[in-house]
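Q: Let me begin by handing over the structure; questions about it come next.
The values are calculated or read from the model by the stated rules, or taken from the named source; none is laboratory data. Everything quoted here is computed from the prediction, not taken from an experiment. Note that each Cβ is placed from the backbone with ideal geometry, even for glycine, and that neighbours are counted across all protein chains shown. Just the protein is used for accessible areas: all its heavy atoms, side chains included, with ligands, DNA and RNA removed. Shrake-Rupley method; radii C 1.70, N 1.55, O 1.52, S 1.80 Å.
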Amino acid sequence: MRTLFGTTFLFSGGFSFFTTLISVYLISKFAYDQGDIGNFFAYIGLWIVITQALITRLVSKRLKEYQVLRFSLLGSGSGVLLHLLPTVPWAIFLVTPVLAIFNGLTMANLSGLISRSADADIQGEVLGINVSLQALATAIPPIIAGGLAAAFGPGTSLVVSGIIIMLAGIYYGACYGGST
């Protein structure tokens, strides 16, 4: 469980870096306004719904949770970093589905694997610890991200986010080894 908890902590913290300052990045790079940012987050949400309703179902018929996490964590980190590539505002909508799909796969399969890995008599306790780790992990980036953005620019949080999420994938792959 330590590996799964560590993976959850890194993934949640990394994704929190993304959500904390993506708005500032979009404003500074593309002059987005409130409506544009709302549309951006709605678009991410739409792709996460598509992932949860369709893609996760299709993937789960072929792969176990631990197999999905081997690639979805790295894909999620890469999806964050892809947001640095567009040079025109509309192009951000081309890379966003990559993040949303891999993020949706990661969230569903990481939670599922943690739940399935716990003994029935402690499952509630394990899931509670997992949620507490997610909360702690999402509390740290807002404290750090503003300083990073001020010192190095708003895209820095995206770089840090992508690296931390990819580290979650590397940590998972190295420690978990992959079968259950």
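Q: Could you tell me whether any residue of region 57-65 is open to solvent by 10 Å² or more (accessible area, probe 1.4 Å) and at pLDDT below 90? If you could, list the steps in order and put the result at the bottom.
A: Applying the first criterion (open to solvent by 10 Å² or more (accessible area, probe 1.4 Å)) to region 57-65 yields 57-65.
Then drop every residue that is not at pLDDT below 90, which leaves 65.
For region 57-65, residues open to solvent by 10 Å² or more (accessible area, probe 1.4 Å) and at pLDDT below 90: present.
Q: Quick check on region 149-157. Is at least one of its residues surrounded by 15 or more Cβ atoms within 10 Å (Cβ to Cβ), of a type outside the set (D, E, K, R) and closer than 14 Å to residue 13 by Cα?
A: yes
Q: Let me ask another. Among the residues of region 13-29, write down those that are buried (at least 24 other Cβ atoms within 10 Å of the Cβ) and farther than 21 Å from residue 88 by Cβ.
A: If the condition is that a residue be buried (at least 24 other Cβ atoms within 10 Å of the Cβ) and farther than 21 Å from residue 88 by Cβ, then 13, 14, 15, 17 are the ones that fit.
Q: Residues in region 112-134: is at least one at pLDDT below 90, under 14 Å from the mean Cα position of the chain (by Cα) and either open to solvent by less than 30 Å² (accessible area, probe 1.4 Å) or not aromatic (Phe, Trp, Tyr) (or both)?
A: Within region 112-134, the subset at pLDDT below 90 is 112-134.
Now narrow it down to the ones that are under 14 Å from the mean Cα position of the chain (by Cα): 134.
Now restrict to residues that are either open to solvent by less than 30 Å² (accessible area, probe 1.4 Å) or not aromatic (Phe, Trp, Tyr) (or both): 134.
The answer is yes, given that some residue of region 112-134 is at pLDDT below 90, under 14 Å from the mean Cα position of the chain (by Cα) and either open to solvent by less than 30 Å² (accessible area, probe 1.4 Å) or not aromatic (Phe, Trp, Tyr) (or both).
Q: Now a separate question. Please enumerate the residues belonging to region 37-55 that are open to solvent by 20 Å² or more (accessible area, probe 1.4 Å) and either under 25 Å from residue 147 (Cα atoms) or β-branched (Val, Ile, Thr) (or both).
A: Initial filter on region 37-55 (open to solvent by 20 Å² or more (accessible area, probe 1.4 Å)): 37-39, 41-43, 45-50, 52-55.
Across region 37-55, the qualifying residues are 37, 38, 41, 48, 49, 50, 55.
Q: Continuing with this model, one more query. Please go through (1) surrounded by fewer than 19 Cβ atoms within 10 Å (Cβ to Cβ); (2) in contact with a Leu (Cβ under 6 Å, 6 or more places away or on another chain); (3) of a type outside the set (Lys, Arg) for residue 145 and return the number of the only condition it doesn't satisfy.
A: All conditions pass for residue 145, except number (1).
Q: Further question on the same structure: Looking at 94, 69, 84, which is the one that is crowded, with 21+ Cβ neighbours inside 10 Å and under 18 Å from the mean Cα position of the chain (by Cα)?
A: On the way: 94 fails: crowded, with 21+ Cβ neighbours inside 10 Å; 84 fails: crowded, with 21+ Cβ neighbours inside 10 Å.
The match here is 69.
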